[in-house]
Structures are given as structure tokens and as C-alpha cells.
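The values are calculated or read from the model by the stated rules, or taken from the named source; none is laboratory data. Because the structure is predicted, anything quoted here is derived from the model rather than measured. Using ideal geometry, Cβ is built from the backbone for each residue, glycine included, and neighbour counts are taken over all protein chains shown.
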Amino acid sequence: MSANGKAGHAVVLGASIGGLLAARVLSESFAKVTIFDRDELPTTGLDRKGVPQGEHSHGLLARGRQVLEELFDGFADDLAALGALAIDIQNDCVWINDGHRIPRVASDLRGLCVSRPTLEGYIRTRVTALPNVEIAPRHEALGLLTSDDRSAVTGVRVMTVGTTEEREVAAELVVDATGRGNRGPTWLAEIGYDKPAEVLVNPGTVYMSRDYKRVDGDADFAAAIMSPSPESPRGGVMIAADGDRWMVTLIGVNGVVPPSDPEGFLEFTRTLHGTEIYDVLSKAEPLCEPKKMRLPTSVRRRYEDAVRLPDGFIAFADAICSFNPAYGQGMTVAAAEAIVLRDALAKGREGMPKRFFAEAAKVIDVPWDIAVGADLRYPNVQGERTGKVKFLNNYVGKLHIAAEKHAVVGHRFLSVANLMAPPTDLFAPGIVTRVLWSGRRKKADQTA
């Protein structure tokens, strides 16, 4: 043990935002932390092969910003200097859910409009500046090392990309933060453990993104989020980002594919529930050609239900659960998991994986239920429509109607979606009363 009370070596596989945040927390209790990544990592905030979603619209939800401000002193000011915009998530954003607007009023929800490459580049710079953290790009993980009885993971096998050079790296903890395409379950099977159960939902969603020049006075908001719905399977997101630009992502669901030609891209925005995105883009200067991305299947790995788990190994962020990115939750969930990891380590390293997975599951439950529940509203999306899913979809649909008339309902929904309040807050008496009354009023209006 070192003089500062830190002991042992932790290895993090993956240098995306999840892996970097895990490394930041691990640096508090391990004498050395090594991060391995397949990519040749950029020195500045640039797109990279290992993060294909980086060129599409991103934002940091309230809980994500809160955690990053806790982990990195001066975070908000530093990002503002890089061009990011600190925002009030209710007052500075146009929110239209199922055609219903949330009133724009001042709130306590503080978010950040920032591109994914800029945010990741900043976090990477801060984490690698820590004296006990080392990053090793162009290294691919091959498998796990174990104790003789295989009760604990004791390290990892890695290989330099482009060579056959393989080496063993000993560690007291290995964190799989390799993202959606991770091989963690396969590695566990290779050392005699069952793969975790998986829940898969293919949202059938297509993105088309394009950047536009942003100038002072072209909008009185920092972001516009217009969600698709079964009745209108077209959505759009426009976020003010660093580089004096608007990052715009059009969303097509249920067989709808946003156009890739510039004229069609603009015309698509006419079909959205609000005019704000079209009004800005019709006058703005495009900075690039539209870029397409077909969203991969959402996967949740139920590590918390595993009967046996080795000590010394955890999965993290997208390696546990990869969401439909249309809901903007991934970075914030990774940040929340970092605090869960810190708390689990504070109780000791023995049995830590089980503690971590149990608490991480509670963090994941809310955004998973919101995202997957919304996806399962579309008849072509395959997945189990449980009683819980049907109830929540019905209730949230009515809640969106109520939120249009009652700012407090909109605030409560945004607080839960931003991981700043538990889902039970959606069922507080004052909220339920407004939801039921608004639903009754709408039904009466329709039959009048």
C-alpha cells in the first residue's frame, strides 16, 4: 500500500467516456490505473472510429453534469471555455413529446450542450493528467487471467493492434468498458462462468445528422427536442454545440428513413410537431453533408441476476446496458455508475462486483424503462410488452398531455428523465391528479 492509502493495480478496457469515468474513480483507491483502447486516441476533441455516434447530436443531462462537476473541479467553466453551453434544461429547451409541449419556465435542472468528441477529449485530458493513471492506445483485450481456482480475475491478456505481440497484465480489478460490442460475457464463459442473461430490443431507428452554423440571435433556445410517436414516427433534435454550430439529428422510426439529400433533409423538418428546427435551418448555413446512422439493438445484460461472479471483474456503462441513443441517456448513466462504483469500493474489494451490479441495476432501471417502453409502442419493434410496460406507456402518454398545461408536471417528468428524481415522483398525488384530470378533459373535448 502506498503512503496515500492506495493499493493495487486496476485495468480499464476502453477509453470512451464510460471507461474514463471508471478510471477517474478507481484512481482514488488504486495505486495504479491503466486504460487500454483499440484506437489511436486523438489529442483533441475529434471524432474517432471507436465512437461512431460521436458525430451525431449529444447533450449532458442534469445528473451527468452534477457528477462531472463533482469529479472534475472547474468542469463547467472549462467546458464553457471550449464552447459548450450551460443550460436550464426546462427553460432553455423546446421539449415536444407526442406533440405536446412542456412549458418553458425556470428550473433547477442544469445541463450542458456539448459535442461528444469535445466532452470526451476534455475528460481524457483530465483523467490522464492524474499521476497514477496511464493510457495505452492501440491495444486490444483478448481475455481474462484468473486465480488457480478461477474464483477471481487477476488480470487481462492484451495485444498491440497490428501485431501478434501478446502480453499478460496483472491487476486486482479489470473493468470491461469496451462498449456495445464488448466480449465480456464470452470472456466469463471461457473461465467457467455463465453468460449474463440479455434483454434485446431493436428500435428500428435511423438517424440523419448535419451541422449548421450558429449565429447570435437565430434562436431563443439552446436545444429543441421533438420526439417521434406511433402517430407521427418522425422526430428531430437540434442542439447548440461548441464550434458555434447547431448539431441537428433527424429521427425516423417504424420504417421512416430521414432523407440524405440536403433539400429533403430540410423538408423533413417541416413535418415535425414544432416549427423551431425548420425556422432555424431554413436560414442557416450548412457546414457538412448529412450523415446516416442506423441505430443498433439496445441490449441490457443482467449481471445483477448472475448466480456466480468472479471477484476482480466488472462490466461498466454500455458493456452492461446500451440504450437507444435517441433518448440521450448513455453519458449520464455512465456518470451515475461511476458514483456507484466509488460507493461499492468504499465497502471493500471482496464481493465488490455483486454490490456494484446490484446498485448499477437500480440506476439503469429508470432510463431503460423510459427508452424501451417508448420503443415498444411501435408495433414492428419486437420485445416483451409486459403489464408494467403497457401501464407506464399509457400513464406517460397522459402525463405528456398534462405537462402541456402544467409546468410542474413537465418539470417532474424531466427530473426523472434526467436521473435527478426517482420514478415514484411521477406518481405523487399532485402529479397524478393533474394527469388524470388532463386526460379526462382531452377525452371530453374529443367527444364534444
Which numbered condition Glu276 misses (of (1) surrounded by 23 or more Cβ atoms within 10 Å (Cβ to Cβ); (2) of a type in the set (Asp, Glu); (3) in the same structural domain as Val253 (by TED's automatic domain parsing))
(1)
If you check Asn91 against the conditions, is it out of contact with any strand residue (DSSP E or B) (no Cβ under 6 Å at 6 or more places or on another chain), at pLDDT 95 or above and within 27 Å of Thr297 (Cβ to Cβ)?
no
Tell me, please, whether a residue that is in the same structural domain as Gly19 (by TED's automatic domain parsing) and more than 24 Å from Leu21 (Cβ to Cβ) can be found in the stretch 175-182.
no
Within the stretch 299-317, of all residues that are under 14 Å from the mean Cα position of the chain (by Cα) and buried (at least 24 other Cβ atoms within 10 Å of the Cβ), the one farthest from Val206 (Cα to Cα) is Phe316
What number goes with the only condition from (1) more than 24 Å from Thr297 (Cβ to Cβ); (2) surrounded by 14 or more Cβ atoms within 10 Å (Cβ to Cβ); (3) not assigned by TED's automatic domain parsing to the domain that holds Phe313 that Ile191 does not pass?
(3)
From the set of residues in the stretch 221-242 that are touching a helix residue (DSSP H, G or I) at 6+ places or on another chain (Cβ under 9 Å) and not small (Gly, Ala, Ser), which is nearest to Asp88 (Cα to Cα)?
Phe221
When the stretch 280-315 is checked residue by residue, the ones that are within 13 Å of Leu266 (Cα to Cα) and either in a strand (DSSP E or B) or touching a Pro at 6+ places or on another chain (Cβ under 9 Å) (or both) are Pro286, Glu289, Pro290
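Okay, residues lined up against (1) more than 15 Å from Asn97 (Cβ to Cβ); (2) of a type in the set (A, V, I, L, M, F, W, C); (3) at pLDDT below 95; (4) not assigned by TED's automatic domain parsing to the domain that holds Asp318:
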residue: Lys354; (1), (2), (3), (4): yes, no, no, no
residue: Gln382; (1), (2), (3), (4): yes, no, yes, yes
residue: Leu399; (1), (2), (3), (4): no, yes, no, yes
residue: Phe413; (1), (2), (3), (4): no, yes, no, yes
residue: Leu436; (1), (2), (3), (4): yes, yes, yes, yes
List the residue pairs whose Cβ atoms are under 6 Å apart, where the first residue sits in the stretch 176-193 and is touching a residue at least 60 places away in the same chain (Cβ under 8 Å) and part of a strand (DSSP E or B), the second is small (Gly, Ala, Ser) and exposed (fewer than 15 other Cβ atoms within 10 Å of the Cβ), and the two are 6 or more positions apart or on different chains.
none
Could you check Tyr207 against (1) farther than 21 Å from Ile89 by Cα; (2) among the aromatic types (Phe, Trp, Tyr); (3) at pLDDT 95 or above; (4) part of a strand (DSSP E or B) and say which number it fails?
(3)
Within 23 Å of Ala338 (Cα to Cα), at pLDDT 95 or above and crowded, with 24+ Cβ neighbours inside 10 Å, is that true of Ala23?
yes
Right, Val363: crowded, with 21+ Cβ neighbours inside 10 Å and in contact with a Cys (Cβ under 8 Å, 6 or more places away or on another chain) or not?
no
Of these, Val333, Val340, Val248, which one is in a strand (DSSP E or B), surrounded by 19 or more Cβ atoms within 10 Å (Cβ to Cβ) and not acidic (Asp, Glu)?
Val248
Here the residues within the stretch 169-184 that are at pLDDT 95 or above, within 12 Å of Ala141 (Cβ to Cβ) and charged (D, E, K, R) are Asp176
How do the pairs read when you match residues in the stretch 374-400 that are over 15 Å from Val299 (Cα atoms) with residues anywhere that are in a loop (DSSP other than H, G, I, E, B) and of a type in the set (A, V, I, L, M), using Cβ under 7 Å and keeping only pairs 6 or more apart or on different chains?
Tyr378/Val253; Arg385/Leu376; Val389/Leu376
Taking the stated definitions as given, is Glu285 touching a helix residue (DSSP H, G or I) at 6+ places or on another chain (Cβ under 6 Å), among the acidic types (Asp, Glu) and either over 30 Å from Arg150 (Cα atoms) or surrounded by fewer than 24 Cβ atoms within 10 Å (Cβ to Cβ) (or both)?
no
How many residues are among the acidic types (Asp, Glu), touching a strand residue (DSSP E or B) at 6+ places or on another chain (Cβ under 6 Å) and outside any strand (DSSP E or B) if we restrict to the stretch 194-204?
0
